[in-house]
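Student: Before anything else, here's the structure in question.
Read-outs throughout are calculated quantities, based only on the coordinates presented, and are distinct from any laboratory measurement. As the structure is a computational prediction, the values presented were derived from the model and not from experiment. Virtual Cβ from ideal backbone geometry, glycine too; neighbours counted across all protein chains shown.
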Amino acid sequence: MKRMTCVALMLAAGGLVQAGEGTMIEATTAAGEKVQLMPDGRWKFVDQAKQVEAKKIADTYPENHLRPEGAQGGWFGTRVLMPGDKDYNRGTLNPKMR
């Protein structure tokens, strides 16, 4: 019974992930600018020049630089590990799992 429940949950989760892929919505702001709404809640300008300008402005805010792409960690106040750090991708410290 537990096995069938697990299989059903995995199939349902797979269907939800698949349904969310590639479903961008085009919209118009109150100012008349066209934007694309992404399934994860983010948005971007359709006009590339406006998108580049918006990215420059967004990059000035420190909250947009929490964890660089390619880094590990950073959850629940832990430190962020960059590639090349001795602890990067070290695996488990549990001796039973090595």
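Student: What is the extension gain from residue 58 to residue 46, computed as 0.36 nm multiplied by their sequence separation minus the C-alpha to C-alpha distance, in nm to one decimal?
Tutor: That pair, residue 58 and residue 46, stretches by 2.7 nm at full extension.
Student: Next question, about the same structure. In debye to the nearest 20, how big a dipole does region 23-65 give about its Cα centre with +1 on each Lys and Arg Cβ and -1 on each Asp and Glu Cβ?
Tutor: 60
Student: Just to check, using Stokes-Einstein with a Kirkwood Rh over alpha carbon pairs, what's the diffusion coefficient of region 23-65 at 4 °C and 1.567 mPa s in µm²/s?
Tutor: 115
Student: Taking 8 Å as the Cα distance limit and 6 or more residues as the minimum spacing, I'd like the relative contact order of region 23-65 as a percentage.
Tutor: 23
Student: Using +1 at the Cβ of each Lys and Arg and -1 at the Cβ of each Asp and Glu in region 28-98, identify which of 31, 81, 66 lies farthest towards the dipole's positive end.
Tutor: It is 81, whose Cα lies furthest towards the positive end.
Student: Determine, for 97, 82, the number of other Cβ atoms within 10 Å of each Cβ, and report the residues in order from fewest to most.
Tutor: In increasing order of surrounding Cβ atoms, one gets 97, 82.
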